[in-house]
Amino acid sequence: MNRISLILLAAGSSTRFALPVKKQWLYQGEIPLWLHVARAFEAAGDFRDIIITGHPDELEYMRQFADYTFVPGGASRQASLLNALNQVQSEWVLVNDIARCCLDREMLRRVLSRCGEADCIVPALPAVDTVYEEGRPIDREKIRLIQTPQLSRAALLRDALSRDQEFTDESSAIHAAGGKVLLVEGSAKARKLTHPQDLKHLECLIPPAAQTFTGFGMDIHAFEPGKPMVLGGVSVDAPVGFKAHSDGDVAIHALIDALLGAAGMGDIGEHFPDTDPRWAGADSTRLLQTVLERIQGCGLTPLHADLTIIAQVPRLGPYKEPIRRKLARLLGLSPARVNVKATTAEKMGFIGREEGVAVQAVATLGIYDWSRKV
Ligand SMILES: Nc1ccn([C@@H]2O[C@H](COP(=O)(O)OP(=O)(O)OP(=O)(O)O)[C@@H](O)[C@H]2O)c(=O)n1
Ligand SMILES: C[C@](O)(CO)[C@H](O)COP(=O)(O)O
């Protein structure tokens with residue numbers, strides 16, 4: 001069987017799923033769904049290689065979980081698939097949507113066992129409901145609902161998908177290119193996860209583990225006279241602001257690093273390089289929102305944060321509570337789960353000499369519990 005490469009498509013944006021987490025990042029126990037599916041296929045077949053598409057912003061992160069070949073996805077399923085096909089050396093390629101997350105081994109066997117009998121072997125189900133097309137009932141016996149995994153001749157599939165036409169699956173592309181498509185019996189188990197309500201019908205899914213992850217962040221900024229000071233998203237009355245590429249909100253920067261640390265997603269400079277003009281003068285609350293979307297999209301959720309601001313000047317007593325409330329709102333947490341402390345440096349060092357401010361932050365993330373939404 002190792003003349004077959006496996007492609008798993010996991011670069012979608014989960015628009016129809018409408019939860020903060022993307023479908024491919026729903027945790028199954030301690031691992032994300034895309035890895036759970038990859039392991040299920042790896043255990044069920046002897047593939048020459050396993051190629052997984054991921055959103056370009058998530059690819060490095062995906063590599064931290066496993067040693068497969070990861071390929072950046074494109075703007076559509078077809079574009080992602082073409083990127084992955086460029087890595088394929090074998091004659092045959094099996095393509096599965098990560099969204100079809102429950103592997104029916106019997107169905108996989110039915111597909112693989114017909115290898116060579118057509119250019120594309122496709123699992124399909126009959127329609128069991130009455131079917132209307134444009135307001136009129138049609139003969140449902142003529143209808144077949146197409147699933148994945150589909151087994152295709154790699155070279156033909158590459159050519160078929162490279163035409164200037166959008167296809168929703170491999171079999172339609174191969175059919176349009178004049179190739180032979182063979183339908184085999186599909187499986188109700190291979191239902192596609194498209195909307196949150198599909199979660200109830202996917203019996204193979206297991207709830208996420210009750211794990212938490214902690215990260216630490218630290219940032220320092222020098223004062224810059226004449227600039228407005230913003231700390232923790234709150235305007236502070238001071239004759240100086242912070243020298244920085246962005247608005248210099250040192251508290252939010254420390255918090256972002258703590259969140260990225262807990263997620264295992266690197267540091268703020270990797271996400272918002274200070275060479276990138278997009279972030280010049282940026283409102284740091286926007287950076288925090290972007291980071292939160294990335295973290296939540298990948299299946300994690302903030303639980304708690306604690307910050308210590310070390311400043312000789314300005315005096316921060318009156319600002320601690322507004323900063324706490326602002327950060328809690330941004331994190332989607334109760335103020336009871338966000339703490340903001342302030343201390344001076346006892347007139348020592350650069351902080352004591354009133355040259356700048358340092359902030360330390362600790363943040364805790366949990367795994368998003370999608371099973372409570374079912
Ligand atoms: N640009 C894209 C779009 C989709 N996919 C993958 O193709 C499969 C089928 O796509 P779909 O179920 O439509 O997923 P999404 O595109 O994420 O969903 P939506 O259309 O609701 O945004 C999914 O496993 C998805 O991750 C992909 O790799 N690259
Ligand atoms: C490939 C597929 O799963 C076959 O039914 C389906 O066409 C994917 O559609 P989507 O809109 O990209 O989810």
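A short reminder: the numbers here are calculations on the coordinates, not readings from a lab. Predicted, not measured: the structure shown is a model, and the values here were computed from it. Cβ placement follows ideal geometry from the backbone for every residue including glycine, while neighbour counts extend to all protein chains displayed.
Here the extension length gained between N86 and E354 equals 90.8 nm, from 0.36 nm per residue of separation less the Cα-Cα distance. Residues in segment 328-338 carry Karplus couplings, in order, of 4, 4, 5, 7, x, 10, 6, x, 5, 9, 10 Hz; the curve used is 6.51 cos²θ - 1.76 cosθ + 1.60 with θ = phi - 60°, and Gly or Pro positions show x. Compared with the dominant principal axis of the Cα atoms in the chain, helix 33-44 is inclined by about 40°.
Round to the nearest 0.05 the FRET efficiency obtained for E30 and R63 when R0 = 22 Å and r is the Cβ-Cβ distance.
Working: r = 17 Å, r/R0 = 0.79.
Working from the Cβ atoms, E equals 0.80.
Relative to the longest principal axis of the Cα atoms of the chain, the long axis of helix 284-297 lies at roughly 30 degrees.
Which of Q147, Q87, Q78 moves the most in a Gaussian network model of the chain with Cα springs under 10 Å? Between Q147, Q87, Q78, it is Q87 that shows the largest mean-square fluctuation.
What are the trypsin sites (Lys or Arg not before Pro) within segment 201-297 that DSSP puts in a loop, where the Cβ has at most 15 other Cβ atoms within 10 Å? Could you put the intermediate results ahead of the total?
On the way: sites: K243, R278, R286, R294; in loops: K243.
For trypsin sites (Lys or Arg not before Pro) across segment 201-297 that sit outside H, G, I, E and B with at most 15 neighbouring Cβ atoms in 10 Å, the list reads K243.
Treating only the Cβ of Lys, Arg, Asp and Glu as charged (+1, +1, -1, -1), what charge dipole size does segment 24-63 show about its Cα centre? Round to the nearest 20 debye. Please list the in-between numbers first.
Working: 3 positive and 7 negative charges, 21 e Å.
Charge dipole, segment 24-63, about its Cα centre: 100 debye, nearest 20.
Here the simple spin-label model places points 7 Å from the Cα toward Cβ, and for D159 and D139 these points are separated by 3.3 nm. Under 12 Å from the Cβ of P208, count the other residues' Cβ atoms, weight Lys and Arg +1, Asp and Glu -1, and hand me the total. Combined, the nearby Lys, Arg, Asp and Glu give 0.
Please go through segment 26-93 and write out the GluC sites (Glu not before Pro) that DSSP classes as loop and that have at most 12 other C-beta atoms within 10 Å. Please list the in-between numbers first.
Working: sites: E30, E42, E58, E60, E91; in loops: E30, E58, E91.
Loop-located and lightly packed - E30.
Basic side chains Lys and Arg get +1 at the Cβ, acidic Asp and Glu get -1 at the Cβ, and with that the dipole of the chain about its Cα centre reaches some 800 debye. Measuring how big segment 212-367 is from its alpha-carbon positions, Rg and Dmax come out at 14.6, 43 Å.
The magnitude of the dipole of segment 4-201, with charges of +1 and -1 set on the Cβ of Lys/Arg and Asp/Glu and taken from the Cα centre, is near 340 debye.
Annotation: for a label point projected 7 angstrom from Cα along Cα→Cβ of L183, residues of segment 93-132 with backbone N closer than 12 Å are 122-128. Farthest toward the positive end of the dipole of segment 4-201, out of I52, G135, A75, is the Cα of G135, where the dipole comes from beta carbon charges about the Cα centre.
The GNM of the chain, with springs linking C-alpha atoms under 10 angstrom apart, assigns the highest mean-square fluctuation among A11, A254, A244 to A244.
I need the per residue convex hull volume for the chain, using only the alpha carbons, in cubic angstrom as a whole number. Before the final figure, lay out each step's value.
Working: hull volume 63.0 nm³, N = 374.
Per-residue hull volume (Cα only) is 168 Å³.
Between the C-alpha center of segment 280-328 and that of segment 158-203 there is a gap of 43 Å.
Among the listed pairs K22/K227; K142/K189; K23/K243; K227/K320, a Cα-Cα separation exceeding 30 Å is found for K22/K227; K23/K243.
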